Amino acid sequence: NSKVIQTPRYLVKGQGQKAKMRCIPEKGHPVVFWYQQNKNNEFKFLINFQNQEVLQQIDMTEKRFSAECPSNSPCSLEIQSSEAGDSALYLCASSRDRYAEQFFGPGTRLTVL
Amino acid sequence: GDQVEQSPSALSLHEGTGSALRCNFTTTMRAVQWFQQNSRGSLINLFYLASGTKENGRLKSTFNSKESYSTLHIRDAQLEDSGTYFCAAEAGNYQLIWGSGTKLIIKP
């Protein structure tokens, strides 16, 4: 089904620590999305890119979260100072266009102790 | 803001039977996707529709953008169909707006 690669699958951090996760989109997909799924199955959009440029991001992302999609390197999402409320499944998706089917990686499950 | 109302929240079916899931949208959506999320958290793409009806094996999905709803029909349910099903719709800003999910349990 999907060829999006996400690493690591599991990440455990203490409060205040940095947490970094990576995503390799499907070949030929210039658009990348990051979503957060909490334990109540609620999805929250975080940020998206087209190639290396940010298209949109939410306020939360602008403060403690940083993300990038450098040329010829995996995309990454980093939480600068993890909080307990950041514990969630972080999902990366890629698509061939801004309005097109999105394909998801297996996710990084972050636990903040 | 834009919302997606998904029902039912949980569904239990015996093998070989079928049912339908539904998502209602509070605003006009460009397209809808349906996913199955397995126990490991992986999202499996089932359908992507900008309009009309698509069928794939025992699954069929319809998207009516004018009346703002989408359905996913499952027939002849099998044990491997168990999981949580989500609809997610494209609004006007590239993001997906997600339903709350339907937890589907298939009983032998």
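The values are calculated or read from the model by the stated rules, or taken from the named source; none is laboratory data. Since this is a predicted model, take the numbers as computed values, not measurements. Please note: Cβ atoms are built from the backbone with ideal geometry, for glycine as well, and neighbour counts cover all protein chains shown. SASA here: full protein model, heavy atoms, side chains in, ligands and nucleic acids out. Shrake-Rupley method; radii C 1.70, N 1.55, O 1.52, S 1.80 Å.
Put the Cα centre of the range B:1-46 next to the Cα centre of the range A:81-107 and the gap is 18 Å.
Rolling a 1.4 angstrom probe over the protein heavy atoms, how many square angstrom per residue are accessible across chain A? Kindly include the intermediate steps, with their values, before the conclusion.
On the way: 5600 Å² over 113 residues.
Per residue, chain A has an accessible area of 50 Å².
Placing +1 on the Cβ of every Lys and Arg and -1 on the Cβ of every Asp and Glu, with nothing else charged, gives the range B:4-107 a dipole about its Cα centre of roughly 40 debye.
Surface composition of the range B:4-107: carbon plus sulfur atoms hold 45% of the accessible area, using a 1.4 angstrom probe and ignoring ligands, DNA and RNA.
For chain B, the percent of C-alpha pairs falling in each 10 Å distance bin, counted from 0 to the bin holding the largest distance, reads 16, 50, 28, 5, 0.
In terms of Cα atoms, the Rg and Dmax of the range A:5-112 work out to 12.9, 37 Å.
For the range A:1-69, with all protein chains in place and a probe radius of 1.4 Å, 44% of the accessible heavy-atom surface sits on carbon or sulfur.
Pairing chains A and B buries close to 2000 square angstrom of accessible surface in total, based on protein heavy atoms and a 1.4 angstrom probe. The residues of the range A:36-85 listed by number as losing at least 20 Å² of accessible area in the complex, against the isolated chain and with a 1.4 Å probe, are A:Gln37, A:Asn41, A:Phe43, A:Phe45, A:Gln56. Per-residue shielding of B:96-104, expressed as the average number of other chain Cβ atoms within 10 Å of the residue Cβ, stands at 3. Sorted from longest to shortest, the spans of the Cα atoms of the protein assembly as shown along the three principal axes equal 48, 35, 33 Å.
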